[in-house]
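*Asks:* Before we start, here is the structure in question, set down as structure tokens.
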Amino acid sequence: MQRGGSAGGRTRVRPSADWPPQRPPVRRRPTLRARWRRHSGWVKFGYIFSTFVAVVAVTLGVGVFAIYRHLDANITKVQVGGLSGKTVYGSLNILVLGSQTRLGQRGYFGYDATPGVSNSDNLLLIHLDPTHTHAIVLSIPRDTFVYEPACQERAYIGNSTWPAQQYPPGAIIDGALNIGGPTCAVQTVEALTDIQLDHFVEFNFNSFRTMVGQLGGVQVCVPPGPGYHDTAANLNLSPGLHWVDWSQALAYVRQRHDLGGPDAGGDLPRIEVQQAFISSVVQEVNSNGLLTNIPKLLGIANTATHALTVDDGLGSVSSIMRLAESLAHLQSKNVSLITMPTTTDTFDYPAYDQHLMPVQPQDDVLFQMIRTGMPWTGSLPIESYGSVQVQVLNGTGQAGLAAQTAQQLKLLGFDVVGTGDAPYTSTTTVSYSGLAQSDAAYTLMTALKSFPAGQNTLPETEPQEGSPGTVTLTLGADFAGVAQPAVAQPAASGTKGTSTKNKPAAAPAPSSSTAAVESRNAGANICSGLPPAYTP
């Protein structure tokens with residue numbers, strides 16, 4: 001049965017009330033303003049705060065990046081051979097040189113016939129322990145003659161290799177920088193000390209004044225007396241404490257002609273003044289917290305990157321900042337300033353009698369202390385006598401003296417391994433091979449009534465470390481005998497308990513002022529240890 005009519009045989013369907021189908025209503029997203037109104041006050045605060053932090057972070061990041069790019073562009077870098085280039089963390093040995101060149105320097109520095117010469121008037125070997133909480137600053141007198149290895153000449157010196165200068169007499173150490181640049185200076189110091197240097201820093205007169213200016217000046221002291229008045233350095237200070245600006249600070253550390261004491265008018269009293277100045281700077285940095293204040297640290301970094309020349313390993317702001325920050329806990333009381341012992345004995349080279357030469361084994365003991373990380377306690381270490389092996393040779397022609405001396409040393413506790421004769425000599429000498437035997441040689445020397453000469457028998461062209469072994473005492477015509485016990489004898493390293501079996505109860509005191517090493521603690525009063533003033 002058909003429902004309704006059809007046309008052409010098609011069935012017609014009656015439309016329903018739901019036809020045609022309806023589209024679902026369009027939902028419009030609320031506006032930002034509407035959505036913002038729906039949030040609670042805390043949510044609104046959270047949005048504002050997080051947005052602010054993000055903006056600040058981005059701004060600071062861009063700002064710090066810009067600052068670092070600016071500071072990196074300031075850095076004067078130089079390629080230096082012989083350096084380890086190790087990271088600023090862990091123990092470090094840094095060579096700091098002060099150039100005396102007059103070219104490009106602002107101010108009055110006295111007359112110099114060759115103003116372009118860049119001899120290093122200041123040579124500092126800075127050793128930082130692995131935690132950077134203790135430091136040794138070793139001053140090497142600029143007038144010291146040493147072995148100088150062959151160096152590639154600087155362009156204004158020549159275009160060939162400067163030949164090695166054999167010691168004695170060697171060459172004056174401050175000339176290495178001028179002849180062959182930083183690489184030659186590093187090689188010369190490493191040949192002298194056998195210490196692996198990690199980094200290099202060079203400053204000049206302008207650099208020094210700029211850094212002092214960043215600190216806002218430094219307090220210095222002049223001892224009682226006529227005051228320091230050095231016309232060559234343009235210095236005129238009365239006794240007492242003075243706050244000096246960058247110009248007077250430079251004059252203070254450069255003075256020499258008006259300083260008295262041993263080596264009056266020479267390099268050694270000037271080093272004492274410079275060490276007191278370094279003490280003042282370290283104390284000021286500690287008291288003002290400069291190394292923990294990031295804005296001030298960036299200011300110092302900005303100045304330093306303009307003023308100093310550094311090796312590639314320190315040639316970025318991040319490296320300099322890390323090094324500075326690592327020193328934040330280095331207190332002045334834990335900084336030891338030491339002068340390398342020298343002598344005017346020139347081995348029959350009278351033409352060099354105004355210069356200095358290293359003292360053995362004292363210098364080698366110091367170098368070994370730095371190499372092994374031993375702290376400075378105010379004097380050179382003395383080993384247990386029982387750990388020192390000695391051979392005694394008689395060069396006096398006096399029969400039986402070697403056996404007699406050997407017996408006296410045995411009574412003190414030394415391990416005497418043999419005796420014999422030697423060609424006649426006027427000078428008593430303790431011979432040793434390398435830095436590893438220097439402590440034993442020095443210990444033996446302190447047990448004699450008269451401090452003898454010392455001789456490191458290793459050729460200077462070879463590594464100087466050596467290995468532990470027997471030291472040789474050669475008796476000369478000036479031999480004064482074995483000293484009597486006077487001070488408490490230290491126990492051998494690693495000795496446990498309190499047993500005194502086979503160990504002497506006492507040891508002689510050092511027999512001569514030759515054994516003394518000039519040093520100061522950076523935390524000491526800056527008015528202590530200053531050389532007196534005098535009129536040449």
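*Asks:* Look at Cys151 and say whether it is hydrophobic (A, V, I, L, M, F, W, C), over 30 Å from Ile526 (Cβ atoms), surrounded by 18 or more Cβ atoms within 10 Å (Cβ to Cβ) and in the same structural domain as Leu308 (by TED's automatic domain parsing). Lay out the reasoning, then the answer.
*Replies:* Details: hydrophobic (A, V, I, L, M, F, W, C): yes; over 30 Å from Ile526 (Cβ atoms): yes; surrounded by 18 or more Cβ atoms within 10 Å (Cβ to Cβ): yes; in the same structural domain as Leu308 (by TED's automatic domain parsing): yes.
Yes: the conditions hold for Cys151.
*Asks:* Among the residues of region 205-227, is there at least one that is in the same structural domain as Val88 (by TED's automatic domain parsing), among the aromatic types (Phe, Trp, Tyr), closer than 26 Å to Leu327 by Cα and touching a residue at least 60 places away in the same chain (Cβ under 8 Å)? I'd like the intermediate steps shown before the answer.
*Replies:* In the first step, residues of region 205-227 are kept if they are in the same structural domain as Val88 (by TED's automatic domain parsing); the result is 205-227.
Then keep just the ones that are among the aromatic types (Phe, Trp, Tyr); that gives 205, 208.
Filter once more, keeping what is closer than 26 Å to Leu327 by Cα: 205, 208.
Of the ones still in play, those that are also touching a residue at least 60 places away in the same chain (Cβ under 8 Å) are 205, 208.
Yes, because at least one residue in region 205-227 is in the same structural domain as Val88 (by TED's automatic domain parsing), among the aromatic types (Phe, Trp, Tyr), closer than 26 Å to Leu327 by Cα and touching a residue at least 60 places away in the same chain (Cβ under 8 Å).
*Asks:* If I ask for residues that are in a helix (DSSP H, G or I) and either touching a strand residue (DSSP E or B) at 6+ places or on another chain (Cβ under 9 Å) or small (Gly, Ala, Ser) (or both), which ones from region 211-244 would you list? Walk me through how you get there before you give the answer.
*Replies:* We begin by selecting, within region 211-244, every residue in a helix (DSSP H, G or I); these are 211-215.
Passing the criteria: Met211, Val212, Gly213.
*Asks:* For region 212-239: of the residues being more than 18 Å from Glu284 (Cα to Cα) and surrounded by fewer than 15 Cβ atoms within 10 Å (Cβ to Cβ), which is modelled with the lowest pLDDT?
*Replies:* Per the criteria, the residue is Thr231.
*Asks:* For Leu235, indicate whether it is of a type in the set (A, V, I, L, M, F, W, C) and free of Cβ contacts under 8 Å to residues at least 24 places away in the same chain.
*Replies:* Considered against the rule, which asks whether it is of a type in the set (A, V, I, L, M, F, W, C) and free of Cβ contacts under 8 Å to residues at least 24 places away in the same chain, Leu235 comes out as yes.
*Asks:* Give me the pairs: first residue in region 511-522 and at pLDDT below 80, second residue surrounded by fewer than 16 Cβ atoms within 10 Å (Cβ to Cβ) and of a type outside the set (Val, Ile, Thr), beta-carbon distance under 7 Å, and six or more apart or on different chains, which are they?
*Replies:* As it stands, the answer is Ser511/Lys449; Ser511/Ser450; Ser512/Ser450, since those pairs meet every condition given.
*Asks:* While we're looking at this one, here's another question. Failed condition for Ile140, given (1) touching a residue at least 40 places away in the same chain (Cβ under 8 Å); (2) surrounded by fewer than 20 Cβ atoms within 10 Å (Cβ to Cβ), with all others met?
*Replies:* Evaluating Ile140 over (1) touching a residue at least 40 places away in the same chain (Cβ under 8 Å); (2) surrounded by fewer than 20 Cβ atoms within 10 Å (Cβ to Cβ) leaves (2) as the failure.
Results for (1) over 30 Å from Gly98 (Cβ atoms); (2) free of Cβ contacts under 8 Å to residues at least 60 places away in the same chain; (3) not basic (Lys, Arg), shown as yes or no for each residue.
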position: Leu327; (1), (2), (3): no, no, yes
position: Leu337; (1), (2), (3): no, no, yes
position: His355; (1), (2), (3): no, no, yes
position: Val359; (1), (2), (3): no, no, yes
position: Ile370; (1), (2), (3): no, no, yes
position: Thr396; (1), (2), (3): yes, no, yes
position: Leu412; (1), (2), (3): yes, no, yes
position: Val417; (1), (2), (3): yes, yes, yes
position: Gly420; (1), (2), (3): yes, yes, yes
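A quick yes/no check of all residues on (1) hydrophobic (A, V, I, L, M, F, W, C); (2) surrounded by 21 or more Cβ atoms within 10 Å (Cβ to Cβ); (3) under 18 Å from Asn456 (Cβ atoms):
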| residue | (1), (2), (3) |
| --- | --- |
| Val388 | yes, yes, yes |
| Ala403 | yes, no, no |
| Gln407 | no, no, no |
| Leu411 | yes, no, no |
| Thr425 | no, no, yes |
| Val430 | yes, yes, yes |
| Ala436 | yes, no, yes |
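*Asks:* Can I ask one more? With Val365, Val390 as the choices, which residue is farther than 30 Å from Ile271 by Cα and within 36 Å of the chain's Cα centre (by Cα)?
*Replies:* Numbers: Val365 fails: farther than 30 Å from Ile271 by Cα.
Only one candidate qualifies: Val390.
*Asks:* Criterion first (part of a helix (DSSP H, G or I), crowded, with 21+ Cβ neighbours inside 10 Å and in contact with a Cys (Cβ under 7 Å, 6 or more places away or on another chain)) does Ala176 satisfy it? Can you show your working first?
*Replies:* Values: part of a helix (DSSP H, G or I): yes; crowded, with 21+ Cβ neighbours inside 10 Å: yes; in contact with a Cys (Cβ under 7 Å, 6 or more places away or on another chain): yes.
Criteria met by Ala176.
*Asks:* In addition: Among residues belonging to region 339-352 that are assigned to a loop (DSSP other than H, G, I, E, B) and more than 29 Å from the chain's Cα centre (by Cα), point out the one that is surrounded by the fewest Cβ atoms within 10 Å (Cβ to Cβ).
*Replies:* Of region 339-352, the ones assigned to a loop (DSSP other than H, G, I, E, B) are 340-341, 344-349.
Add one more test, that the residue is more than 29 Å from the chain's Cα centre (by Cα), and what stays is 347-349.
Details: Phe347: 10, Asp348: 8, Tyr349: 14.
Once the filter is applied, the top-ranked residue is Asp348.
The rows are residues; the columns are (1) in the same structural domain as Ile172 (by TED's automatic domain parsing); (2) surrounded by fewer than 18 Cβ atoms within 10 Å (Cβ to Cβ); (3) assigned to a loop (DSSP other than H, G, I, E, B).
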{"position": "Ala301", "(1), (2), (3)": "yes, no, no"}
{"position": "His306", "(1), (2), (3)": "yes, yes, no"}
{"position": "Val310", "(1), (2), (3)": "yes, no, no"}
{"position": "Glu325", "(1), (2), (3)": "yes, yes, no"}
{"position": "Gln391", "(1), (2), (3)": "no, yes, no"}
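*Asks:* Also: Just checking, does region 115-123 include any residue being farther than 21 Å from Gln362 by Cβ, part of a loop (DSSP other than H, G, I, E, B) and free of Cβ contacts under 8 Å to residues at least 40 places away in the same chain? Show your work before the answer.
*Replies:* First pass over region 115-123, keeping only residues farther than 21 Å from Gln362 by Cβ: 115-122.
Narrowing the set further to residues that are part of a loop (DSSP other than H, G, I, E, B) leaves 115-119.
This time we only want the ones that are free of Cβ contacts under 8 Å to residues at least 40 places away in the same chain, so: 115.
Yes, there is a match, as at least one residue in region 115-123 is farther than 21 Å from Gln362 by Cβ, part of a loop (DSSP other than H, G, I, E, B) and free of Cβ contacts under 8 Å to residues at least 40 places away in the same chain.
Listed here are the residues, each with its yes/no results for (1) among the hydroxyl-bearing types (Ser, Thr, Tyr); (2) in the same structural domain as Gln165 (by TED's automatic domain parsing); (3) touching a Leu at 6+ places or on another chain (Cβ under 6 Å); (4) not in a loop (DSSP other than H, G, I, E, B).
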{"site": "Ala403", "(1), (2), (3), (4)": "no, no, no, yes"}
{"site": "Leu411", "(1), (2), (3), (4)": "no, no, no, yes"}
{"site": "Pro423", "(1), (2), (3), (4)": "no, no, no, no"}
{"site": "Ser431", "(1), (2), (3), (4)": "yes, no, no, yes"}
{"site": "Asp439", "(1), (2), (3), (4)": "no, no, no, yes"}
{"site": "Ser450", "(1), (2), (3), (4)": "yes, no, no, no"}
{"site": "Phe479", "(1), (2), (3), (4)": "no, no, no, no"}
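*Asks:* Something else about it: When you scan region 116-137, how many residues do you find that are surrounded by 19 or more Cβ atoms within 10 Å (Cβ to Cβ) and polar (S, T, N, Q)?
*Replies:* Number of matching residues: 4.
The values are calculated or read from the model by the stated rules, or taken from the named source; none is laboratory data. Since we're looking at a predicted model, the values are computed, not measured. Every residue, glycine as well, gets a Cβ built from its backbone with ideal geometry; the counts of neighbours run over all protein chains shown.
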